[in-house]
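Worksheet: one structure, shown below.
Derivation of every value follows stated rules applied to the coordinates shown; laboratory data play no part. All of these numbers come straight from a predicted model, not from anything done at the bench. Neighbour counts are summed over all protein chains in view; Cβ atoms, including those assigned to glycine, are modelled from backbone coordinates with ideal geometry.
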Amino acid sequence: MTGRVLGLDVGSRRLGVAVSDPSGTVASPLATLERRTPAEDATALGRLAAEQEAATVVVGLPLTLAGQEGPAAAAVRAYVGELRPLLPGLAFELTDERLSTTAAVRALVAGGVRREGRRVVVDRVAASIFLQTWLDRGRSGEDAPRHQQGGRG
């Protein structure tokens with residue numbers, strides 16, 4: 001893999017964004033964006049992708065604990081469907097994000113981050129967690145359970 005990859009955690013009010021290093025080895029939290037209209041969100045994401053020189057966005061798909069898609073997953077798929085035509089230069093992939101927010105909260109609590117501070121960063125930390133899993137699967141040669149491989153456009 002060459003180039004950076006963005007991770008996107010889609011929430012009802014915020015978008016958590018993470019980024020990989022150029023070699024695709026390590027994911028790090030990058031930014032939290034307030035959700036606005038899909039067009040405004042696409043502009044902000046496009047700007048981050050350009051700044052980071054990223055061509056792929058890995059979007060967390062909130063599956064149920066049983067691995068099924070429910071209303072939350074359908075909402076994320078619909079949102080990605082709105083973003084795709086607005087960001088034709090980016091490839092989108094959906095990946096399982098189960099328990100990433102729980103893991104992010106636990107890590108932040110363990111790190112001593114206060115409740116007010118957690119709210120600001122939890123989405124980007126969650127994005128870095130599922131992006132790291134996605135990167136690790138790609139490096140290990142596993143056929144990662146990516147629920148929708150996206151081409152450009």
Which of GLY16, VAL121, VAL26 sits closest to the plus end of the dipole of the chain, meaning its Cα is farthest towards the positive end, when Lys and Arg get +1 and Asp and Glu get -1 on the C-beta?
VAL121
ARG137 paired with GLN68, simple spin-label distance in nm, labels 7 Å along Cα-to-beta-carbon
2.1 nm
Say we join alpha carbon atoms closer than 10 Å with springs in a Gaussian network model of the chain; which of GLY112, GLY46, GLY24 then has the biggest fluctuation?
GLY112
If r is the Cβ-Cβ distance from SER12 to ALA103 and R0 is 22 Å, what FRET efficiency results, to the nearest 0.05?
0.65
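Restricting to the chain, compute how many DSSP beta bridges are antiparallel as a %, nearest 5.
Values: 15 of 26 bridges.
The antiparallel proportion sits near 60 percent.
R0 = 30 Å: FRET efficiency of ARG119 with ALA78, Cβ-based, nearest 0.05?
Calculated value: 0.75.
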